[in-house]
Protein chains: 2
Amino acid sequence: MPTYKAPLRDIKFVMTELLEAGPQLASLPFYQDNDTADLDLITQVMEEAARFVETEVQPLNQVGDREGCVRDEHGEVKTPTGFKAAYKKFCDAGWPALDADPQYGGQGMPHLVSMTLNEMLNSASVAWGMYPGLSHGAYSALHAVGSEELKNLYLPKIVSGQWSGTMCLTEPHAGTDLGIIRTKASDNGDGTYNITGTKIFISAGEHDLTENIVHLVLARLDGSPEGTKGISLFLVPKFIPNADGSVGERNAVVCGSLEHKMGIHGNATAVLNFDQAKGWLVGEINKGMNHMFIMMNAARLGTGLQGLGLGEVSYQNALAYAKDRLQMRHEPRVLPSENADPILVHPDVRRMLLTGKAYNEAGRALAMWLALSLDVEHHHPDEAKRKEAGDLVALLTPVAKAFMTDNGFQTAVLSQQVFGGHGYIQEWGMEQFVRDARIGQIYEGTNGIQSLDLLGRKVLMDGGKKLQKLAGTLQEFAESHEDDEHIGDYVNQLGKAAQQLGSLTMVIGQKAMSGPEGADEVNAAAVDYLRFFGHVVYGYLWARMAKIAQEKIDAGQDRDGFYLSKVQTAKFYFAKLFPETKALAATIKAGNESLAVDDKAVFGWEQGLVTA
Amino acid sequence: MPTYKAPLRDIKFVMTELLEAGPQLASLPFYQDNDTADLDLITQVMEEAARFVETEVQPLNQVGDREGCVRDEHGEVKTPTGFKAAYKKFCDAGWPALDADPQYGGQGMPHLVSMTLNEMLNSASVAWGMYPGLSHGAYSALHAVGSEELKNLYLPKIVSGQWSGTMCLTEPHAGTDLGIIRTKASDNGDGTYNITGTKIFISAGEHDLTENIVHLVLARLDGSPEGTKGISLFLVPKFIPNADGSVGERNAVVCGSLEHKMGIHGNATAVLNFDQAKGWLVGEINKGMNHMFIMMNAARLGTGLQGLGLGEVSYQNALAYAKDRLQMRHEPRVLPSENADPILVHPDVRRMLLTGKAYNEAGRALAMWLALSLDVEHHHPDEAKRKEAGDLVALLTPVAKAFMTDNGFQTAVLSQQVFGGHGYIQEWGMEQFVRDARIGQIYEGTNGIQSLDLLGRKVLMDGGKKLQKLAGTLQEFAESHEDDEHIGDYVNQLGKAAQQLGSLTMVIGQKAMSGPEGADEVNAAAVDYLRFFGHVVYGYLWARMAKIAQEKIDAGQDRDGFYLSKVQTAKFYFAKLFPETKALAATIKAGNESLAVDDKAVFGWEQGLVTA
């Protein structure tokens, strides 16, 4: 059975040494006012979170996979053994309120803290962690754009964990393409709406953990225009609350079935049928897509953290196995008295493990950097600082989602590989990590869609401004360290890659504006571009972490080898992972030409393109 | 539910145009004598095989996954619904006998034909196909080294499919490292041996398809030396046959349990307990490892074919979905009357599909090339020709196993990705392809072990002779086509990469001999080296296929666009997949240095290395 220990030492390193979160949080009055900016307090909370997650959540992961969720004939859903009890403890300890607004019962802690809790939950059990995760997304959207009335009625219940939330977007014919959804809303004239339609793939869509479920639903109001500009966001509770907040009448939203999935069995993926269900408008009419993106952006970071969490727990278990499993003899021998040595001694096993370690630690640095940037974006007194932080979050959110889930999947697969045949057997738990990690690359916008969001929307649509800002930061760092005896080589590689990223962006940008085929050029390059971009970001973080660690070593402050580990993992990253950029540069440059094949000949597709 | 059509057109292209199998088979008296060398006959057999596989085997794949195998309290195992009936039809039609020796009831067809049948079976159902696949491995070993008595008693039953076979290698503590197995044999002095021990991960180890199961078991005879040099191969039947070939007394080998696995649920993966089971020596005492490698090499090619088969069926279903699924609008529009276009029009979707197509078609070319080489190795009248073919098979078997299963897994994952969220749902069948494809990278020697076999044993141990021979073939092709207006660019890329492969090999070879750390340098480079090697081989095959296709186009013989498809897929391969070699060259060069990290600091491994 797999085990898990929260990587508190590394989290603390990122928080205090890499991000210097102390002074940053001190500049945000919101946290000062709530007494939640103190790093000692934050560390204490993180340690408490680790204890909870390790002892209460992690033991549920394999049970959840084996049992899955079960729907009865009335559409009610039972979660796996232990899920409900752990959820009650989670709420009793106040975890759902962690970074929520004190006005609605929240604790007002920084995102930095909740992001860390999320990483841990995802290592322990993605399927379980998705229940509070979805609630948190619903909280964010409602908090940002809901009316005072809705907020006062719903937020305290969501913040306490008594009620949970969902996001209802996908329909059978509409996944990526939300502009063509068919769910309808009609105005009852009394401040309520009737919602009718079918939503699929609704995570945590029906379950027995909470007394009520608050669905946030995209629907088209009668008379609204076609496409994304005619979509509004509605709140549709499973039970309609009474004015005092108690649970009232059952609403006409029913779980029609549960999907049988590759993984995350412990989370109920529901088909929800809305049949004249009563709903309330959230935000403005026809602004539903914008409002939903508040949830989506949080959900995308959350999904990236699933990749990180699964990468971390996979790595930990593969490392333990590699120390334990004796197979083949190494020269020099490690265990001369045994007939074989631990497989950790074989370089290819080390390569697989170090790949996971390097991706995990850079991913953690990126996630926490974004979390702190979210804190600045939401609470800095200076508007320019807020915008700067917001731009960075906007730019790096698709990178965090796609790069972290791709690397998490890769790490889970490599960690499974370390186990040999035992990795394929369910009881060891490694194959579950692979199955659970696979969904992160698909949902909340496939990683292909994230790539288009990065290259098309975040980079090209503002003329590269957000990118230039980040590139400037990198350039400055590179220039001031190019002669550094320890990280000079990394910084040079990084500088070249950053420059190449700039010129590749220019080339694609020019092609994009060159005619009707421009969009195809963006589409053709996007996935490789995001991966290149991800390596530049991770390279920057690794070079910085190596620099900080080397200074500690030079100052004789590396008591337990933690800093040596950072320095050597950085070296591995630049030697073995960063060179992927060489292949990516070539495939990005190759553009759309080799993809524009003859439809009939290559794909047997008679239909093909019609000329405009 | 997934569908499958055997790619007969492409198989015929590889057979007749790329490999020119007609004249080659005509030079092999064995097939001439058996009247099995005729390409018209071969084509007819392949068409019949396609019909059988598509209608009888493919429909069992999802049932097999859902039901799995069930073991009763006596250790007997029931296969999923329909497996037994299909197996009976398979035997009645004579398929197990296809390439077997006519002396034992075989049809004496070329390996080229059975390899093709295997690809199809793996597309239809890997789990089902493994039952006859394992039998075929047992047949090969027994046929090569068994005594006349054993061969006469067992082979006709295996060839007819009445009895099946297994290979029993792995033990709980010994997977890769067979030198440390504990299963024991003691000589009864009457030509039989008593076998005692536990074997795990035995595919097709117990089932209800056949009246008897013939286990080939590695064990150490009392008094034999330690390590691989003291291992012998024994035949241990489930039921001891009577002299007339009827099934007699039950032997003391029992299925102790079945593993619960990530995939291939329809195949029984058994723990087998041998408790003084009666066995017969196969081949020579203490030569068991050598003998087993006859099976292993066949099994490794067979595993490579699992990668190919799953890649092909994944691709076919993703392509069909991409034509069908409407999502987002392309400029110019494909379906102006609909509110969205088929996703096949989006370049990133095409990239995912073309990746599968390019890997599948090159993989098929490699597999059939090796199959024909096996025919030459076994049956050419000229010893030098036999050796040359055997060397090529030896060199390329680990490449076929590892590169084809890695690419098959990648193709299954990308094809699943084309389906978006639907790819994660069991009913669509795509996630099963991913789960089933994953084992190919692990068993029959992990792909890490294949890489060591390639670089250590097949390349360096003979001073690069086998490699030089292949490189010569490539060089010759490259030089004679470097100015070709169509493939000149590919050939130049290929020539450079082939040269680079040579120099990388030299560098690793020198490091390998430079001292005690030499072995670590080989181990550190091996996986990336194999992948680089694989691209050089696929590049060679794609350039040749493009050349042949272009000639047909130029001659006005491309009626259905088949040759245009080849030319355009080759272009895609060199633009988007071959550039991976750029990253691999860098990581191979980086060697072991970045992997030789401090064990205590990085891995928390107190034990670490002891100095010699």
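The values are calculated or read from the model by the stated rules, or taken from the named source; none is laboratory data. The structure presented is a predicted model; accordingly, all values stated were derived computationally and were not measured. Here Cβ is always computed from backbone atoms with ideal geometry, including for glycine, and neighbour counts include all displayed protein chains.
Points to keep in mind about this one:
- Among (1) over 31 Å from the mean Cα position of the chain (by Cα); (2) within 30 Å of A:GLU17 (Cβ to Cβ) - the single one A:LYS566 does not satisfy: (1)
- Options B:HIS265, B:HIS207: the member that is within 11 Å of chain A (Cβ to nearest Cβ), within 27 Å of the chain's Cα centre (by Cα), in a loop (DSSP other than H, G, I, E, B) and surrounded by 15 or more Cβ atoms within 10 Å (Cβ to Cβ): B:HIS265
- The listed residue being in the same structural domain as A:THR303 (by TED's automatic domain parsing), at pLDDT 95 or above and farther than 28 Å from A:ASP33 by Cα, out of A:VAL399, A:VAL376, A:VAL393: A:VAL399
- Within segment A:297-326, the set of residues being over 20 Å from A:ARG435 (Cβ atoms) and either among the β-branched types (Val, Ile, Thr) or in contact with a strand residue (DSSP E or B) (Cβ under 8 Å, 6 or more places away or on another chain) (or both) comprises A:ALA299, A:ALA322, A:LYS323, A:ASP324, A:ARG325, A:LEU326.
- First in segment A:327-348 and among the basic types (Lys, Arg) and part of a loop (DSSP other than H, G, I, E, B), second anywhere and crowded, with 19+ Cβ neighbours inside 10 Å and at pLDDT 95 or above, Cβ under 7 Å, 6 or more apart: A:ARG329/A:ALA340; A:ARG329/A:ASP341; A:ARG333/A:ASP341
- Residue, farthest from A:ALA590 (Cα to Cα), within segment A:516-543, restricted to residues that are in contact (Cβ under 8 Å) with a residue 60 or more places away in the chain and of a type in the set (Phe, Trp, Tyr): A:TRP542
- Any hit, segment B:223-236, residues being touching a residue at least 12 places away in the same chain (Cβ under 8 Å), surrounded by fewer than 17 Cβ atoms within 10 Å (Cβ to Cβ), within 14 Å of chain A (Cβ to nearest Cβ) and in a strand (DSSP E or B): no
- The residue that is surrounded by the most Cβ atoms within 10 Å (Cβ to Cβ), among those in segment B:85-119 that are touching an Asp or Glu at 6+ places or on another chain (Cβ under 6 Å) and touching a residue at least 60 places away in the same chain (Cβ under 8 Å), is B:PRO110.
- Residue match in segment A:131-153 (condition: of a type in the set (A, V, I, L, M, F, W, C), within 14 Å of another protein chain (Cβ to nearest Cβ) and touching a helix residue (DSSP H, G or I) at 6+ places or on another chain (Cβ under 8 Å)): no
- Hits in segment A:510-537 (condition: within 20 Å of B:MET328 (Cα to Cα), part of a helix (DSSP H, G or I) and among the small types (Gly, Ala, Ser)): A:ALA512, A:GLY518, A:ALA519, A:ALA524, A:ALA525, A:ALA526
- Matching residues, segment B:594-608, being within 7 Å of chain A (Cβ to nearest Cβ) and in contact with a helix residue (DSSP H, G or I) (Cβ under 7 Å, 6 or more places away or on another chain): B:SER594, B:LEU595, B:VAL597, B:ASP598, B:ALA601, B:VAL602, B:PHE603, B:TRP605
- A:ILE439 being among the aliphatic types (A, V, I, L, M), in contact with a strand residue (DSSP E or B) (Cβ under 9 Å, 6 or more places away or on another chain), surrounded by 24 or more Cβ atoms within 10 Å (Cβ to Cβ) and in the same structural domain as A:ARG325 (by TED's automatic domain parsing): yes
- Residue among A:ASN286, A:ASN297, A:ASN290 that is outside any helix (DSSP H, G or I) and either over 25 Å from B:SER594 (Cα atoms) or over 26 Å from the mean Cα position of the chain (by Cα) (or both): A:ASN286
- The residues on offer are B:GLN432, B:GLN417, B:GLN450, B:GLN410, and the sole one that is within 17 Å of B:ILE294 (Cα to Cα), within 14 Å of another protein chain (Cβ to nearest Cβ) and part of a helix (DSSP H, G or I) is B:GLN450.
- Taking segment B:333-365 as the range and being of a type in the set (Gly, Ala, Ser) and touching a helix residue (DSSP H, G or I) at 6+ places or on another chain (Cβ under 7 Å) as the test, the residues that pass are B:ALA340, B:GLY356, B:ALA358, B:ALA362, B:GLY363, B:ALA365.
- Residue count for segment A:301-344, restricted to those that are of a type in the set (D, E, K, R) and crowded, with 24+ Cβ neighbours inside 10 Å: 2.
- Of the residues making up segment A:167-197, those that are surrounded by fewer than 19 Cβ atoms within 10 Å (Cβ to Cβ) and either more than 11 Å from chain B (Cβ to nearest Cβ) or in a strand (DSSP E or B) (or both) are A:LYS184, A:SER186, A:ASP187, A:ASN188, A:GLY189, A:ASP190, A:GLY191, A:THR192, A:THR196.
- On the stretch given as segment A:406-417, residues that are buried (at least 24 other Cβ atoms within 10 Å of the Cβ) and within 15 Å of A:PHE533 (Cβ to Cβ) total 1.
- Among the conditions (1) within 14 Å of chain A (Cβ to nearest Cβ); (2) crowded, with 21+ Cβ neighbours inside 10 Å; (3) touching a residue at least 60 places away in the same chain (Cβ under 8 Å), B:GLU427 misses just one, which is (2).
- Among (1) of a type outside the set (Ser, Thr, Tyr); (2) within 25 Å of A:LYS89 (Cβ to Cβ); (3) touching a strand residue (DSSP E or B) at 6+ places or on another chain (Cβ under 8 Å), the one test that A:GLY266 misses: (3)
- Residues (closer than 30 Å to A:GLY363 by Cα and assigned to a helix (DSSP H, G or I)) located in segment A:73-101: A:PHE83, A:ALA86, A:TYR87, A:LYS89, A:PHE90, A:CYS91, A:TRP95, A:PRO96, A:ALA97
- Some residue of segment A:379-390 being away from chain B (no Cβ under 14 Å), aliphatic (A, V, I, L, M) and either closer than 24 Å to A:HIS535 by Cα or not in a helix (DSSP H, G or I) (or both): yes
- Unique residue being at positive phi, surrounded by fewer than 19 Cβ atoms within 10 Å (Cβ to Cβ) and in the same structural domain as A:PRO579 (by TED's automatic domain parsing) when the list is A:GLY518, A:GLY464, A:GLY488, A:GLY472: A:GLY464
- Those residues of segment B:577-593 which are touching a residue at least 60 places away in the same chain (Cβ under 8 Å) and within 7 Å of chain A (Cβ to nearest Cβ), in sequence order: B:ASN592
- Residue pairs meeting the criteria (Cβ under 9 Å; at least 6 apart or on separate chains; first facing chain B (nearest Cβ under 7 Å) and free of Cβ contacts under 8 Å to residues at least 24 places away in the same chain, in segment A:552-576; second surrounded by 18 or more Cβ atoms within 10 Å (Cβ to Cβ) and among the β-branched types (Val, Ile, Thr)): A:GLY561/B:VAL602; A:LEU564/B:VAL597; A:LEU564/B:VAL602; A:SER565/B:VAL597; A:SER565/B:VAL602; A:GLN568/B:VAL597; A:GLN568/B:VAL602; A:ALA575/B:THR587
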